[in-house]
Amino acid sequence: MAESAGVFKTIALVDNTDYTHISQNIGVDTLINKKLIAANYIFRFVRKGKIEAITSLHGVDAEVIEFTIQKENRITKNNLRNLKFPENALIGGVIRGKESIIPTGDFTLQLNDKVIVIAMPDAIGKVEEMFR
């Protein structure tokens with residue numbers, strides 16, 4: 001109905017997460033679930049490392065985690081290719097100051113970089129240790 005009225009973007013508050021998968025089929029752009037928002041907020045404090053944000057990907061058993069590098073360690077001393085990053089995780093992007101970067105294997109992380117990591121559940125512990 002909203003689409004036929006010319007609404008640019010639709011957002012729905014959904015209590016039942018079972019409806020999440022049908023949202024795209026019915027034209028809803030964004031779903032908000034209070035329980036998922038609360039859980040993701042709590043995870044920021046339960047996880048290790050300086051986590052700025054965390055969310056899960058719908059339809060995929062993976063999490064997107066934004067870490068901030070707080071101290072110099074092996075993660076800042078080697079390029080990404082040599083970090084032995086977990087196989088089931090990848091660095092999707094880095095925010096350095098006002099610059100957004102899609103890193104390659106030759107890229108080296110620096111202090112205060114914000115790093116966006118996509119990780120499967122079995123790799124999250126290893127990723128957390130690297131950013132600790």
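The values are calculated or read from the model by the stated rules, or taken from the named source; none is laboratory data. Owing to the predicted nature of the structure, the values given are computational and were not obtained by experimental measurement. Please note: Cβ atoms are built from the backbone with ideal geometry, for glycine as well, and neighbour counts cover all protein chains shown.
Pull up the stretch 98-124, narrow it to residues that are β-branched (Val, Ile, Thr) and touching a residue at least 24 places away in the same chain (Cβ under 8 Å), then point me to the one that is farthest from Ile69 (Cα to Cα). My answer is Thr104. When the stretch 58-96 is filtered for residues that are acidic (Asp, Glu) and either in a strand (DSSP E or B) or closer than 11 Å to Leu109 by Cα (or both), the ones remaining, listed by number, are Glu63, Glu66, Glu72. Does Phe85 fit the bill of being of a type in the set (Phe, Trp, Tyr) and modelled with pLDDT of 75 or more? Yes.
Residues that are aliphatic (A, V, I, L, M) and assigned to a loop (DSSP other than H, G, I, E, B) were ranked within the stretch 97-109; the one that is surrounded by the fewest Cβ atoms within 10 Å (Cβ to Cβ) is Ile102.
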